[in-house]
1. Could you work out the percent of alpha carbon pairs in region 127-202 separated by over 21 Å, rounded to a whole number?
2. Sort Trp166, Trp142 so that the residue with the fewest other Cβ atoms within 10 Å of its own Cβ comes first and the one with the most comes last.
3. Rank Ile125, Ile112, Ile18 by mean-square fluctuation in a GNM of the chain with C-alpha springs under 10 angstrom and give only the top-ranked residue.
4. Among Ser199, Ser54, Ser133, which comes first, second and so on when ranked by fewest other beta-carbon atoms within 10 Å?
5. Which Cα, out of Ile97, Ile68, Ala187, lies furthest along the positive dipole direction of region 11-201 (beta carbon charges, K/R +1, D/E -1)?
6. Starting at the first residue of region 65-70, write each ³J(HN,Hα) from the Karplus equation 6.51 cos²θ - 1.76 cosθ + 1.60 with θ = phi - 60°, in whole Hz, x for Gly and Pro.
7. Can you list, bin by bin at 5 Å, the percent of alpha carbon pairs in the chain, starting at 0?
8. I'd like to verify something in the chain: which complete DSSP H helices, judged by Cα projection on the helix axis, reach 20 Å or more and average at least -0.5 on the Kyte-Doolittle scale?
Amino acid sequence: MTTEPFNPLAMDSLAHSIVTRMMEMDAVPLDNVPRFTGAGLYAIYYRGPFPAYSLLAKVNAEQAAVPIYVGKAVPSGGRKGVDVAESSDTRSLADRIRQHAASVRAVGNLDIADFQARWLVVENIWIPLGESSLIRQHRPVWNAIVDGFGNHDPGKGRINGLRPRWDTLHAGRPWASKYPKRGETPADIEQEIMEYLRSRLA
């Protein structure tokens with residue numbers, strides 16, 4: 001037992017309270033996220049039949065417990081630190097989650113019916129702290145090893161690098177074909193996912 005005095009305003013304590021509060025929110029189908037105002041944090045959960053995610057689907061079968069992806073949505077201007085909109089004046093969080101829903105709908109080997117989401121509207125200053133704490137706690141597979149789920153259409157003349165691993169494994173977003181193919185195959189990525197999830201969940 002520690003004798004260190006508890007400081008409720010320490011960064012770890014604040015991060016814990018944000019994450020705990022978000023996990024208390026109900027998870028809803030990703031295909032049925034309502035329009036709402038606010039910026040903040042979100043988590044996406046998977047419980048479908050895609051073989052590489054079988055361990056993840058198992059732990060999420062009864063309730064959304066381990067996210068496949070977590071992220072944040074800041075108000076307009078928040079990334080540049082200028083002219084940041086108030087959280088109550090933005091729909092950035094709902095819009096971001098709905099953009100992810102569109103990505104899932106676009107691919108052929110995932111079914112949006114197998115996904116859930118939960119979110120928490122947070123005061124702007126605490127959003128980065130909450131996101132980093134969620135990622136550190138869960139190490140979600142689409143954050144940790146399958147990059148690209150949160151990417152946008154890069155637009156004409158802005159192609160840089162190879163096709164994201166997410167789009168290599170889950171083909172279907174039209175703009176992803178603009179990128180050169182990777183040297184690894186979907187099977188290579190699936191194998192790495194299964195090994196990663198075994199190390200985290202088995």
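Read-outs throughout are calculated quantities, based only on the coordinates presented, and are distinct from any laboratory measurement. Worth saying up front: this structure is predicted, and the values here are computed from it rather than measured. As a convention, Cβ positions derive from the backbone with ideal geometry for all residues, glycine included, and neighbour counts pool all protein chains shown.
1. In whole percent, the share of Cα-Cα pairs in region 127-202 beyond 21 Å is 37.
2. Sorted ascending by nearby Cβ count, the order is Trp166, Trp142.
3. Evaluated over the chain, the most mobile residue of the options is Ile125.
4. In increasing order of surrounding Cβ atoms, one gets Ser199, Ser54, Ser133.
5. Going by the Cα projections, it comes out as Ala187.
6. Computed from phi, the couplings for region 65-70 are 10, 10, x, 8, 7, 10 Hz.
7. Pairs per bin, as whole percents: 1, 7, 14, 18, 19, 17, 12, 7, 3, 1, 1, 0.
8. Membrane-span-like by this criterion, though nothing is claimed about a membrane: 92-106.
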